[in-house]
Amino acid sequence: MPGSADPALLDLLAAPAEAAAVTLLGCSLTHRADDGVVTVRLTEVEAYAGEADPASHAWRGQTSRNAVMFGPAGFLYVYFSYGLHFCGNVVVGPPDEASAVLLRAGEVVDGEDLARRRRGPAVKNAALARGPANLMQALGVDGRHNGEHLLGAGTLALARGTPAPPDRVRQGPRVGVSRAADVPWRFWLSDEPSVSAYRRSPRAEVR
DNA sequence: ACGCCGATTCTC
DNA sequence: AGAATCGGCGTC
């Protein structure tokens, strides 16, 4: 049932960020809005290891923006990026560690018409939820959803799907990150059209 | 108070 | 390669 809690999933999310990231691959995320329901199956994510991770928003400690990450696992941390985009993270790990997993891409498995209405008529099927900001736009999620519970009775529901075969999980450097750019904590599923093409940050140190 | 730059995306 | 466009965070 959508919206019902999954204690086992919550336990898995309370693990270290890179393990939680792999858990999230293949999970479904549903948003029930006034104008309809959209569900995506997550195909690409990135792990951020809280205050210990120079690439994390939590690196310099707790602020009003990142406060949700310092709470328990299973909540959504939404931040505003480049003055125009919203990106969403699932808070993971033990409380106060401030780890999170950025949701980078997904396959729209329900509410395709609504997702296309939000994204634009010309957007190809596979690209509806490709890219972290596009994924949130397709779901109809923005800053108002910051801090919402993903495993409770709210409008957002995270659930386990058919687990991805381990041999389809790929791993590589994170995208758009200038610090700790070589930490291979971007995870994605191979052979998924919704996975964005890899682009290293222009600001990442070259070696 | 000021300025820089970003876990982006789309276009040229 | 560059623009759009806002706020967070470091610095003066």
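Nothing in this text is a laboratory measurement; each read-out follows from the coordinates by a stated rule. Fair warning: this is a prediction, and the values are worked out from it, not measured in the lab. Neighbour counts are summed over all protein chains in view; Cβ atoms, including those assigned to glycine, are modelled from backbone coordinates with ideal geometry.
Per-structure values
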read-out: Residues A:Asn125 and A:Asp96, FRET efficiency given R0 of 41 Å [Cβ-Cβ distance, rounded to 0.05]; value: 0.50
read-out: Most to least packed among A:146-157, A:162-173 [average Cβ atoms within 10 Å]; value: A:146-157, A:162-173
read-out: For A:Tyr77, net neighbour charge (Lys/Arg +1, Asp/Glu -1) across residues whose Cβ lies under 11 Å away; value: 0
read-out: Gained length - A:Tyr82 relative to A:Gln171, 0.36 nm times residue gap less alpha-carbon distance; value: 29.4 nm
read-out: P(r) tail fraction, segment A:90-207 - alpha-carbon pairs more than 26 Å apart, %; value: 28
read-out: Amide H within-cut-off set for A:Val38, under 5 Å, with H built and near neighbours excluded; value: A:His31, A:Ala33
read-out: Residues with amide H under 5 Å from that of A:Cys27, placed H, sequence gap 5 or more; value: A:Leu42, A:Gly161
read-out: Whole-angstrom Cα spans of chain A along principal axes, big to small; value: 43, 38, 34
